[in-house]
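The values are calculated or read from the model by the stated rules, or taken from the named source; none is laboratory data. Predicted, not measured: the structure shown is a model, and the values here were computed from it. Using ideal geometry, Cβ is built from the backbone for each residue, glycine included, and neighbour counts are taken over all protein chains shown.
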């Protein structure tokens, strides 16, 4: 049985294998590739979390708008009119505290 030579997927050097499933020439080469893979996975997870947070925040915000819009319709107002109404009520309360 002859020595089997493979090309390292990390650095591209040819090496003689000591096991059939060996794909890296040295432990250092394997560790370097592992670090690269983990860095890529970390970046990917970070992007996914950021996207999901933005999506979640947008859904919550849209839910708030819908709630305000429903309350405005019950009062016979538009969304803009209702927001002005809320602001004037808030201003009145603040002025009452000052007196």
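Quick look at the values:
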item: Test for residue 90: is it over 33 Å from the mean Cα position of the chain (by Cα) and assigned to a helix (DSSP H, G or I); result: yes
item: Residue that is in contact (Cβ under 8 Å) with a residue 24 or more places away in the chain and surrounded by 10 or more Cβ atoms within 10 Å (Cβ to Cβ), where the choices are 33, 28, 56, 40; result: 33
item: Residue in segment 25-41 that is in a loop (DSSP other than H, G, I, E, B) and modelled with pLDDT of 90 or more present; result: yes
item: Condition broken by residue 12, with the remaining ones in (1) assigned to a loop (DSSP other than H, G, I, E, B); (2) surrounded by 10 or more Cβ atoms within 10 Å (Cβ to Cβ) satisfied; result: (2)
item: Every residue from segment 15-24 that is part of a strand (DSSP E or B) and surrounded by 14 or more Cβ atoms within 10 Å (Cβ to Cβ); result: 15
item: Selection status of residue 72, in a helix (DSSP H, G or I), touching a helix residue (DSSP H, G or I) at 6+ places or on another chain (Cβ under 9 Å) and either farther than 30 Å from residue 8 by Cα or at pLDDT below 95 (or both); result: yes
item: Tabulated pairs, segment 83-99, first under 27 Å from residue 66 (Cβ atoms), second outside any helix (DSSP H, G or I) and modelled with pLDDT of 90 or more, C-beta under 9 angstrom, 6+ apart or interchain; result: 84/77; 85/77
